[in-house]
1. Could you list, in sequence order, the residues of segment 58-68 that are surrounded by fewer than 19 Cβ atoms within 10 Å (Cβ to Cβ) and at pLDDT 85 or above?
2. Those residues that are assigned to a helix (DSSP H, G or I), β-branched (V, I, T) and modelled with pLDDT under 75, I need them from segment 295-343; list them, please.
3. Quick one: P171 ticks every box in (1) surrounded by 15 or more Cβ atoms within 10 Å (Cβ to Cβ); (2) closer than 26 Å to G249 by Cα except a single one, so which number is it?
4. I need a count of the residues in segment 165-182 that are outside any loop (DSSP other than H, G, I, E, B) and in contact (Cβ under 8 Å) with a residue 60 or more places away in the chain.
Amino acid sequence: MNLTFNQCLELVDIQNVNIILLHYNLTGRLIGRSSENSILKIISILISLFIILENLSVLVALLRFLRLRRWVHCCLANIAFSDLLAGISYLLNICLSGEITFRLSPQQWFLREGLLFTTLAASTFSLFITAVERYCTMVALVSESRSRKVVRAQGLIILCWVLAAIVGTLPLFGWNCLCHIETCSSLLPLYSRQYILFSLGLLSISLIGIIGFYCTIYYLVCCNARQTAVTIQSRRALHLLKTVLIILGAFVLCWTPLFVYLLVDSSCTPPSCQSPVGLEWVLALAVLNSALNPLIYSFRSSEVRKAMVAFLCCACSMAGVSVPDVTSGSSNESSLRRKGSVRLSRALSFRSPVTSISSVPSQ
């Protein structure tokens with residue numbers, strides 16, 4: 001059944017047909033919806049709750065104990081905040097799915113999907129901004145004060161959220177396919193395929209940018225390590241390699257299936273094509289990247305790890321749970337730690353600007 005624009009409006013206005021149900025039916029999205037199981041919904045809810053608690057803990061620790069004194073703290077806080085909102089929007093999306101979908105108005109449907117698009121886009125843009133800041137700080141070798149770096153990072157963060165909000169709300173303000181079934185997506189029946197391609201383009205640019213910046217940083221670190229032939233530099237280069245591989249591997253692993261699904265969907269015109277099965281699992285995998293980001297960006301930093309330990313100790317104390325003093329130790333151990341710290345500070349004081357790149361992923 002293929003309807004013209006006027007026939008669609010007639011069905012909606014005169015015969016009082018649910019426009020969302022009409023779109024889901026004509027794009028083939030209704031196929032397989034009856035087989036939706038509760039196991040996937042429970043898993044999705046658990047994933048979203050874990051994302052919320054994890055990123056909320058990191059965000060509170062950053063604000064409470066580090067107070068965003070450096071640009072890297074601002075970037076990490078922005079990643080945690082965007083991933084926190086991604087978890088919340090994903091939870092709302094789950095709660096408003098199923099049969100509730102057909103009780104929503106088109107505006108509510110666009111808000112439901114747009115909120116998830118906005119937060120996921122903000123999370124991706126946040127990773128891109130972090131890569132840009134690390135590149136500018138350690139490769140461009142621009143001499144800037146700490147306060148100026150913080151202000152620049154904050155400006156990029158604001159730009160990130162403005163762009164993400166624009167991307168997420170475009171369908172709500174007219175870039176949709178209401179009663180234009182032939183231009184609709186099969187996976188997201190009220191979204192235009194052109195809008196899907198536009199979103200995929202932004203995602204591709206972000207991914208290419210992240211890969212390019214981190215690979216450039218790693219290449220320069222390796223070149224400098226070979227020139228200096230110092231063991232500690234080789235160790236830092238190896239640490240950077242592990243960090244870069246984890247960052248890119250997690251991003252590609254989580255986002256590639258959804259990217260492929262949407263790319264295939266945007267090349268197919270309904271009703272000749274049907275919605276592929278398993279979108280919910282693919283979307284859950286993409287959202288899972290918001291759970292991996294704190295583990296990669298925050299917990300690999302000694303400063304953030306200490307802040308997280310302090311936060312957990314405070315939380316346990318408030319809950320009435322006794323916490324052993326992990327900072328106490330013998331005088332000999334304390335002396336050794338102080339001597340090791342002095343040696344490390346002396347070694348770091350003679351670093352060249354490019355070799356300091358290798359220490360940044362651990363910040």
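The values are calculated or read from the model by the stated rules, or taken from the named source; none is laboratory data. These numbers come from a predicted model, not from an experiment. Note that we place each Cβ from the backbone using ideal geometry, even for glycine, and neighbour counts take in every protein chain shown.
1. Correct list: V60, L63.
2. Selection gives V342 alone.
3. Of the numbered conditions (1) surrounded by 15 or more Cβ atoms within 10 Å (Cβ to Cβ); (2) closer than 26 Å to G249 by Cα, the odd one out for P171 is (2).
4. Taking segment 165-182 and keeping what is outside any loop (DSSP other than H, G, I, E, B), we get 165-169, 181-182.
Retained after the next criterion (residues that are in contact (Cβ under 8 Å) with a residue 60 or more places away in the chain): 181-182.
Total meeting the criteria: 2.
This table checks each residue for (1) at pLDDT 85 or above; (2) on the phi < 0 side of the Ramachandran plot.
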{"position": "N16", "(1), (2)": "no, no"}
{"position": "G32", "(1), (2)": "no, no"}
{"position": "L40", "(1), (2)": "no, yes"}
{"position": "S48", "(1), (2)": "yes, yes"}
{"position": "E54", "(1), (2)": "yes, yes"}
{"position": "R70", "(1), (2)": "no, yes"}
{"position": "H73", "(1), (2)": "no, yes"}
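Residues checked against (1) within 15 Å of I296 (Cα to Cα); (2) in a loop (DSSP other than H, G, I, E, B); (3) touching a residue at least 60 places away in the same chain (Cβ under 8 Å):
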| residue | (1), (2), (3) |
| --- | --- |
| R64 | no, no, yes |
| N78 | yes, no, yes |
| G87 | no, no, yes |
| L92 | no, no, no |
| I100 | no, no, no |
